[in-house]
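Note sheet for the following structure.
The values are calculated or read from the model by the stated rules, or taken from the named source; none is laboratory data. If you're wondering where the values come from, they're calculated on a predicted model, not measured in any experiment. Quick reminder, even Gly has a Cβ in these numbers, built from the backbone with ideal geometry, and neighbours come from all protein chains shown. SASA here: full protein model, heavy atoms, side chains in, ligands and nucleic acids out. Shrake-Rupley method; radii C 1.70, N 1.55, O 1.52, S 1.80 Å.
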Amino acid sequence: MPSKEMPPPKKLSTLGSKWSKTKILLKHPRLRQFVPDTRIYSYENLYVMLTKHKMVYIKPVKGSCGNGVIKVVKHNEHKYAYHLGTNPRSFKTYKDLYSSLGKSKLKREYIVQQGVDLLTYQNRIFDIRIMIQKNDEKKWESTGYIGRLAHPQKIVTNFHNSGKPLPLEILLSPYLQGVKKKEYIDTLKDLGDQIAEEFHKRFPGFKEVGLDLGIDSSLKPWIIEVNTRPDAYIFNQLKDKTMFRRVLYLKRWNGLLNYKKKITR
Ligand SMILES: Nc1ncnc2c1ncn2[C@@H]1O[C@H](COP(=O)(O)OP(=O)(O)O)[C@@H](O)[C@H]1O
Ligand SMILES: [Mg+2]
């Protein structure tokens, strides 16, 4: 039985917002520990978040492909910096930072999120995409996982923003080896299954989730984004096509292969 607090199932079209998806995760007693601190972007909230976390990401609530994503760092009271695209800029005061951000941002809603100090491979940051799909036995299945290595000058890892998809085993190899690495990847897949389950409880219609996970230096996974219209094609970038084939098979099975992308990915 759904708990009293659970709202009635909503239409899929409400799932495009990063803010509403974050709120779903924050309500979950076990999943919330994996969600970076997140607020709606404003003059006060950015200030508070920078004081607390020193490094934050600003993202359009309805963005995709890493577009418009900005990394902001507070070095000290007299040095702030932000990085958008391949362009870093620094400022002496918070006011100057905020007013410059106002010119760089588009006129739409943004969130500000605690930055995850992502693991690196050959001095480039990387994060992880995990694909979870309803399978032909009506169970959630983690059908694919892949690492995404950022372009050296960028602060996002998205494929459509010059990120390089690579086998996760390679990117994790400086940090974990052998059975430990395999077990670690299994825990990430489990986390994916739980997230898919939770979203499905609230939105019974949908059949797949593409999870963006960031890993910090203590190897803690953080939920950066839950995509409800995830692309299959990133998995086609791997030489081994096993995952790609399974992802496509279940997309077809679920009637989602030719789905037109109406919402965010
Ligand atoms: N809180 C964060 N900490 C570290 N990196 C982040 C954070 N948020 C976003 N990023 C980086 O920016 C990329 C794009 O952000 P994401 O929230 O996935 O939005 P989009 O819808 O544009 O893909 C992520 O894949 C990650 O590389
Ligand atoms: Mg993303």
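Take every pair of alpha-carbon atoms less than 8 Å apart whose residues are at least six positions apart; their mean separation over the length of the range 38-114 yields a relative contact order of 39 percent.
Share of the chain's accessible area from carbon and sulfur, percent, 1.4 Å? C and S atoms contribute 53 percent here. All C-alpha pair distances within the range 118-253, sorted into 10 Å bins from zero, spread as 13, 44, 35, 8, 0 percent across the bins.
Label sites at CYS65 and GLU44, each approximated as a point 7 angstrom past Cα along Cα to Cβ, lie 3.6 nm apart. With a simple spin-label model that places each label point 7 Å from the Cα along the Cα-to-Cβ direction, the separation between HIS75 and LEU257 comes to 5.3 nm. Projected over all directions and averaged, the alpha-carbon convex hull of the chain occupies 14.8 nm². Think of it as helices only: each DSSP H run of n ≥ 4 in the chain is worth -39500 (n - 2.57), and spread over all residues that comes to -8500 deg cm²/dmol at 222 nm. Taking a ≥ b ≥ c as the square roots of the eigenvalues of the alpha-carbon gyration tensor, the range 38-114 is classed prolate because a/c is 1.5 or more and a/b outweighs b/c.
Between LEU106 and LYS27, the contour length at 0.36 nm per residue exceeds the Cα-Cα span by 25.5 nm.
Suppose every K and R has +1 on its Cβ and every D and E has -1 on its Cβ; what is the size of the dipole of the chain about the Cα centre, in Debye to the nearest 20? Rounded to the nearest 20 debye, it is 880 debye.
Just to confirm, what accessible area per residue do you get for the chain at 1.4 Å probe, in whole Å²?
Ligands and nucleic acids excluded, the result is 51 Å² per residue.
Projecting label points 7 angstrom from Cα along Cα→Cβ for GLN177 and LYS92 puts them 5.1 nm apart. Taking Cβ atoms as reference points and 13 Å as the exclusive limit, the residues near LEU248 contribute a net charge of +3, counting Lys and Arg as +1 and Asp and Glu as -1. From the square roots a ≥ b ≥ c of the eigenvalues of the alpha-carbon gyration tensor of the range 191-243, which class results: rounded (a/c under 1.5), prolate (a/b over b/c), or oblate? Oblate, because a/c is 1.5 or more while a/b does not exceed b/c. Note on LYS164 and ASP37: with the Förster distance fixed at 25 Å, the Cβ-Cβ geometry gives a FRET efficiency of about 0.30.
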